[in-house]
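Trainee: Can you read through this structure? Questions will come right after.
Any read-out appearing in this document is the output of simple, stated calculations on the displayed coordinates, not a laboratory observation. Here the structure is a predicted model, which is why all the values come from computation and not from measurement. Every residue, glycine as well, gets a Cβ built from its backbone with ideal geometry; the counts of neighbours run over all protein chains shown.
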């Protein structure tokens with residue numbers, strides 16, 4: 001699995017930098033971390049819903065990138081349905097998993113059909129383990145368009 005590609009891609013993402021977002025590779029995906037920084041707060045001192053969605057969406061995409069080579073495929077979010085359950089404060093974490101077997105099937109589908117969709121259940125927790133938000137997301141994998149290639153391999 002390509003941890004280096006995930007870290008390099010995230011390092012080149014202005015949104016992730018501004019948000020204090022980082023990814024820690026795991027055996028079958030990533031743990032996305034959203035740092036406790038003022039830029040992520042809303043007017044009430046809570047972590048902004050948009051920052052939480054950004055964390056979960058990014059973690060899902062990066063879990064898929066763990067199984068690709070730089071410049072091979074792109075993962076774009078096509079569906080994102082989120083439910084918030086608890087007021088969010090402090091550093092947040094989201095675990096996203098894609099098994100090697102799932103990734104092989106997805107790559108085979110892309111080779112055969114030109115695209116593949118992967119549904120994921122994503123959960124966001126605070127450092128106390130409280131469930132902050134849960135999302136169902138669908139990501140589309142497809143061959144990397146030439147116009148996007150410089151952003152991922154530059």
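Trainee: May I ask for the angle, rounded to the nearest 10°, between helix 100-113 and the longest principal axis of the chain, with both axes built from Cα atoms and the value confined to 0 to 90°?
Mentor: Tilt of helix 100-113: around 50 degrees.
Trainee: So, one more: For residue 11 paired with residue 42, estimate the spin-label separation in nm (one decimal), with each label point 7 Å from Cα along the Cα-to-Cβ line.
Mentor: Taking the simple label geometry, residue 11 and residue 42 are separated by 3.4 nm.
Trainee: Could you sort the peptides 103-111, 90-98 by per-residue average Cβ neighbour count (10 Å cutoff), highest mean leading?
Mentor: Packing order, densest peptide first, comes out as 90-98, 103-111.
Trainee: When the helix-only estimate is applied to the chain (DSSP H runs of n ≥ 4, each -39,500 (n - 2.57), divided by the residue count), what is the mean residue ellipticity at 222 nm, nearest 500 deg cm²/dmol?
Mentor: For the chain, the value works out to -10000 deg cm²/dmol.
Trainee: Calculate how many DSSP beta bridges within the range 3-153 are antiparallel, expressed in % of all such bridges and rounded to the nearest 5. Kindly include the intermediate steps, with their values, before the conclusion.
Mentor: Working: 38 of 38 bridges.
Bridges in the range 3-153 are about 100 percent antiparallel.
Trainee: Take each of the peptides 55-61, 22-28, 77-83, 144-150, average the number of other beta-carbon atoms within 10 Å over its residues, and list them starting from the highest.
Mentor: 55-61, 22-28, 77-83, 144-150
Trainee: Here is a further query. Between residue 131 and residue 111, what is the label-point separation in nm under the 7 Å Cα-to-beta-carbon projection?
Mentor: So the two model labels end up 3.8 nm from each other.
Trainee: Roughly how compact is the range 55-110, stated as its Cα Rg over 2.2 N^0.38 Å to two decimals?
Mentor: 1.35
Trainee: Which part of the range 57-96 falls in the paramagnetic zone of residue 24, meaning amide N under 12 Å from the point 7 Å along Cα-to-beta-carbon?
Mentor: Answer for this model: 92-95.
Trainee: Note the full-extension length gain between residue 148 and residue 49 as 0.36 nm times their separation in residues minus their Cα-Cα distance, in nm to one decimal.
Mentor: Extending this stretch completely gives an extra 32.9 nm.
Trainee: Next question. How far, in degrees from 0 to 90, does helix 49-65 lean away from the longest principal axis of the Cα atoms of the chain, to the nearest 10?
Mentor: Value to nearest ten degrees: 30.
Trainee: Also, I was wondering about something else. Please give the direction-averaged projected area of the C-alpha convex hull for the chain, in square nanometres with one decimal.
Mentor: Seen from a random direction, the Cα hull of the chain projects 8.6 nm² on average.
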